[in-house]
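Below is one structure, written out as structure tokens; the observations come after it.
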Amino acid sequence: MDLRFEKILQHPVFCNIISCINEKEKTRFFCKHDFEHIISVARIGYIIALEEKTNISKDIIYATALLHDIGRLEEYQNNIPHDKAGAEIARSVLEDCGYNENEISEITGAILYHRDDCPKNSDKLYEIIYKADKLSRTCFLCDAYKECNWKESQKNKTIIY
């Protein structure tokens, strides 16, 4: 099976940005956006897709999850919201990795809306990535729980996946 998302893992832009994000977040008190987080989003997203019997491929879910926080570096350096910056960065990476325009639009749309404001009747991928992003966090074990700026309703208080 040809899993194009594996090409993302070797893409120089992806590798460089993930390394820079790790460096920027070395002393971060709140949730980090490291590889452990993005791979958790991918795995949880895929489980959700299987349980909900969607026809979204593993490749699309993993590609979206790997790239959903790629804009963090732009947010840290230039104060650009990471969802918007991430969608732009993801587009070029996805093109290089062989995704077609429909797939790129679907993936970048999910990146744009992974934080909280999914459009009404949004694509199922948007909902899956949003849920997986929140479920990947173990808020109930976090030292920053009380200081966290997430709404109480957004905090993950259980281990569903």
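The values are calculated or read from the model by the stated rules, or taken from the named source; none is laboratory data. A quick note: this is a predicted structure, and the numbers were derived from the prediction, not measured. Reconstructed Cβ throughout: ideal geometry from the backbone, glycine too, with neighbour counts over all protein chains shown. Note: accessible area is taken over every heavy atom of the protein model, side chains too, but ligands, DNA and RNA are not part of it. Shrake-Rupley method; radii C 1.70, N 1.55, O 1.52, S 1.80 Å.
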Exercise. Roll a 1.4 angstrom probe over the protein heavy atoms and tell me the percent of accessible area of segment 45-161 that is carbon or sulfur.
Key: 46 percent
Self-check item: Accessible surface, per residue, of the chain when the full set of protein chains is kept, probe 1.4 Å, Å²
Solution: 55 Å²
Quiz prompt | Cα Rg, Dmax, segment 64-118, angstrom units | solution = 10.6, 30
Quiz item: Which lysines have a Cα less than 18 Å from the Cα of Lys7, not counting those fewer than 8 places away in the same chain?
Solution: Lys58
Exercise. Sum -39500 (n - 2.57) across every DSSP H segment of at least 4 residues in the chain, then divide by the residue count to get the 222 nm mean residue ellipticity, nearest 500.
Key: -17500 deg cm²/dmol
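Once fully extended, how much extra length lies between Ile39 and Glu25, figured as 0.36 nm per residue of separation less the alpha-carbon to alpha-carbon distance?
Separation in residues times 0.36 nm, less the Cα-Cα distance, equals 3.3 nm.
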Self-check item: Label-point separation in nm, Lys146 to Asn79, each point 7 Å along Cα→Cβ
Solution: 3.1 nm
Quiz prompt | Cα point-scatterer Debye curve for segment 1-99, base-10 log of I(q)/I(0) at q = 0.15, 0.19, 0.23 Å⁻¹ | solution = -0.60, -0.92, -1.24
Quiz item: What are the ³J(HN,Hα) values, in whole Hz, obtained from phi via the Karplus relation 6.51 cos²θ - 1.76 cosθ + 1.60 with θ = phi - 60°, for each residue of segment 43-57 in sequence order, with x given for Gly and Pro?
Solution: 5, 5, x, 5, 4, 4, 4, 5, 5, 8, 6, 7, 9, 7, 6
Practice problem: Go through segment 20-129 and name the GluC sites (Glu not before Pro) that are in a DSSP coil and have 13 or fewer other Cβ atoms within 10 Å of their Cβ. | Solution: Glu52
Quiz prompt | Whole-Hz couplings from phi, Karplus 6.51/-1.76/1.60, listed for segment 28-36; x for Gly and Pro | solution = 5, 7, 8, 3, 9, 10, 8, 5, 4
Exercise. Let me have the relative contact order for segment 63-161, percent, based on Cα pairs under 8 Å that are six or more residues apart.
Key: 20 percent
Quiz item: Along segment 77-87, what does the Karplus equation 6.51 cos²θ - 1.76 cosθ + 1.60 (θ = phi - 60°) give for ³J(HN,Hα), rounded to whole Hz, x for Gly and Pro?
Solution: 7, 10, 6, 8, x, 5, 5, 5, 4, x, 4
